[in-house]
Amino acid sequence: MKILMLSDDFPPENSGGAGRAAFRLAAALQALGHSIFVITSAQEREKEGNADYQGMKIFKIYSNYHTRWRAYLGLYNPRTVGKVKRIMEEINPDIVHAHNIHYHLSYHCLKTAKEQNRAVFLTAHDTMLFSYGKFLAKEPDNYKLTNWDLIKQARKRYNPFRNIFIRHYLKYVDKIFAVSSGLLQALNENKIGNADVIYNGVDVKNWQLSCELVEEFKKKHNLQDKKIIFFGGRLSYQKGGQIAMQILADIIKELPQAVLLVAGGKHKFAGTMEELAAKTEGIVFTGWLEGDELKAAYNSADLVLVPSLYFDCIPIIMIEAMACRKPVVASRLANASEVVGNEETGCIINPFDIDNAAEKIISLLKNPEKAKHFGQAGYERVQKFFSLDAQVAQTLSYYQKFSLDR
């Protein structure tokens, strides 16, 4: 089959969680003999154009605008929709599979694909189908957003027709894939149906790394003889950056050799967070990591911390950590219980209970055998529920069903 992927974010220039997940699926489908094409966005004009990346044909369309217009241009972006249509006509794919298209490519591309008689699918990696941004959940399992919630969230960016138009464009999709059961519930509670769950998967074999490369990474970042807590991403408020720093401060009182390893540059956050980080001991910034360096960061860590304050669906960092046999300490607000077995593969925490979170992390850092046991259990859980092979098989079954029904 000829499969066209649509994603605002796609490697190698952009490597967010959704982009990485889209790439893994695309690469696995290509390995099975399918022809893969990708339309993505470029925020710098000179990067617009066509490229080949690991055997895939990548079409990059320039789009760059202020976020204040996203509630409008995310629906229909005149800079991109015509180019997407022409590329689709040129490729003539059997399948169009969209991922995150809410910023640059825009939801109108779903209508374009269906008008060309394609089988159309959309993977929802987050809550952007009904929310204006990070959904700061007060309690797990409570995902309904009222119009007043949306107004408070969007402020001056509020577009009263945004969600109505999104649901209109979703009528052109044969099936929506939610990356977690929690997200499926959230979609249903916000008037979005026609969805099934397909978990993002990883190939666990690809996350093993030689001891030599891990030691080189530790030496490069001065991590020898440290108790390493890995925090993947920028120290933003929504990601729980402030919480992570408060937890670290408590841990250092008992374990002064503990460090928070942050896979992101200092320029990735600003204001209060930067000031707090400057005053906090034990934070090591690596800059942006990918490839073997990202694997080395995971494999260097004693545990991985995910203290998100928003409904994070299923952060890919949790699955990657477990593929590296690392215990995960994750926020109950991040839908973590769907991945992490509490006191089995890691710990589920209330991110606002700093003392309890620090206590659980200290227990793991002081008991390497317990951490190793959790890590091995997590590795087995990933193989059973979050394998790339399972994701590909489920996805192909939908492709084949709906392409035959055309």
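Okay, residues lined up against (1) over 29 Å from residue 383 (Cα atoms); (2) touching a Gly at 6+ places or on another chain (Cβ under 8 Å); (3) aromatic (Phe, Trp, Tyr):
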{"residue": "136", "(1), (2), (3)": "yes, no, no"}
{"residue": "152", "(1), (2), (3)": "yes, no, no"}
{"residue": "158", "(1), (2), (3)": "yes, no, yes"}
{"residue": "182", "(1), (2), (3)": "no, no, no"}
{"residue": "190", "(1), (2), (3)": "yes, no, no"}
{"residue": "198", "(1), (2), (3)": "no, no, no"}
{"residue": "201", "(1), (2), (3)": "no, no, no"}
{"residue": "209", "(1), (2), (3)": "no, no, no"}
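Assigned by TED's automatic domain parsing to the domain that holds residue 217, under 10 Å from residue 230 (Cβ atoms) and either of a type in the set (S, T, N, Q) or crowded, with 24+ Cβ neighbours inside 10 Å (or both): is that true of residue 297 in this structure? So residue 297 passes the test.
Listed here are the residues, each with its yes/no results for (1) surrounded by fewer than 17 Cβ atoms within 10 Å (Cβ to Cβ); (2) over 22 Å from residue 77 (Cα atoms).
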| residue | (1), (2) |
| --- | --- |
| 160 | yes, no |
| 166 | no, no |
| 169 | no, no |
| 174 | no, yes |
| 177 | no, yes |
| 188 | yes, yes |
| 191 | yes, yes |
| 198 | no, yes |
| 206 | yes, yes |
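Within the range 373-401, the residues that satisfy the criterion of being over 22 Å from the mean Cα position of the chain (by Cα) and not assigned by TED's automatic domain parsing to the domain that holds residue 121 are 373, 374, 376, 377.
Is at least one residue of the range 146-159 of a type outside the set (Val, Ile, Thr) and under 30 Å from residue 26 (Cα atoms)? No, the range 146-159 contains no residue that is of a type outside the set (Val, Ile, Thr) and under 30 Å from residue 26 (Cα atoms).
All conditions in (1) under 30 Å from residue 164 (Cα atoms); (2) assigned to a loop (DSSP other than H, G, I, E, B); (3) in contact (Cβ under 8 Å) with a residue 24 or more places away in the chain hold for residue 11, with the sole exception of (1).
Of the helices (runs of 4 or more DSSP H) lying entirely inside the range 108-171, those containing at least 3 residues that are charged (D, E, K, R), over 22 Å from the mean Cα position of the chain (by Cα) and closer than 25 Å to residue 4 by Cα span 108-115.
Taking residue 72 as the residue in question, decide whether it is modelled with pLDDT of 95 or more and surrounded by fewer than 17 Cβ atoms within 10 Å (Cβ to Cβ). Judged against the criteria, residue 72 is a match.
Listed by position, the helices (runs of 4 or more DSSP H) enclosed by the range 305-388 that each have at least 2 residues that are crowded, with 18+ Cβ neighbours inside 10 Å and free of Cβ contacts under 8 Å to residues at least 60 places away in the same chain are 368-385.
Rundown of residues vs (1) touching a Gly at 6+ places or on another chain (Cβ under 6 Å); (2) modelled with pLDDT under 95; (3) among the acidic types (Asp, Glu); (4) surrounded by fewer than 20 Cβ atoms within 10 Å (Cβ to Cβ), yes/no style:
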| site | (1), (2), (3), (4) |
| --- | --- |
| 239 | yes, yes, no, no |
| 251 | no, no, no, no |
| 264 | yes, yes, no, no |
| 275 | no, yes, yes, yes |
| 282 | no, yes, no, yes |
| 293 | no, yes, yes, yes |
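Scanning the range 71-106 for residues that are in a helix (DSSP H, G or I) and either of a type in the set (Asp, Glu) or touching a Gly at 6+ places or on another chain (Cβ under 9 Å) (or both) yields 89, 90.
When the range 128-158 is filtered for residues that are crowded, with 19+ Cβ neighbours inside 10 Å, small (Gly, Ala, Ser) and at pLDDT below 90, only 137 remains. Each residue in the range 41-53 was checked for being in contact with a Lys or Arg (Cβ under 8 Å, 6 or more places away or on another chain) and buried (at least 16 other Cβ atoms within 10 Å of the Cβ), and 2 of them qualify. Filtered by the rule that a residue be out of contact with any strand residue (DSSP E or B) (no Cβ under 6 Å at 6 or more places or on another chain), in contact (Cβ under 8 Å) with a residue 12 or more places away in the chain and part of a strand (DSSP E or B), the range 42-60 gives a lone residue, 53. Can you say whether residue 228 is at pLDDT below 95, crowded, with 19+ Cβ neighbours inside 10 Å and in the same structural domain as residue 371 (by TED's automatic domain parsing), as far as the supplied structure shows? Judged against the criteria, residue 228 is not a match. Across the range 1-40, the number of residues qualifying as of a type in the set (S, T, N, Q), modelled with pLDDT of 95 or more and buried (at least 16 other Cβ atoms within 10 Å of the Cβ) comes to 3.
The residues of the range 82-102 that are within 25 Å of the chain's Cα centre (by Cα) and either modelled with pLDDT of 95 or more or not assigned by TED's automatic domain parsing to the domain that holds residue 187 (or both), listed by number, are 84, 95, 96, 97, 98, 99, 101, 102.
The values are calculated or read from the model by the stated rules, or taken from the named source; none is laboratory data. Just so you know, these numbers come straight off a predicted model, no measurement behind them. Here Cβ is always computed from backbone atoms with ideal geometry, including for glycine, and neighbour counts include all displayed protein chains.
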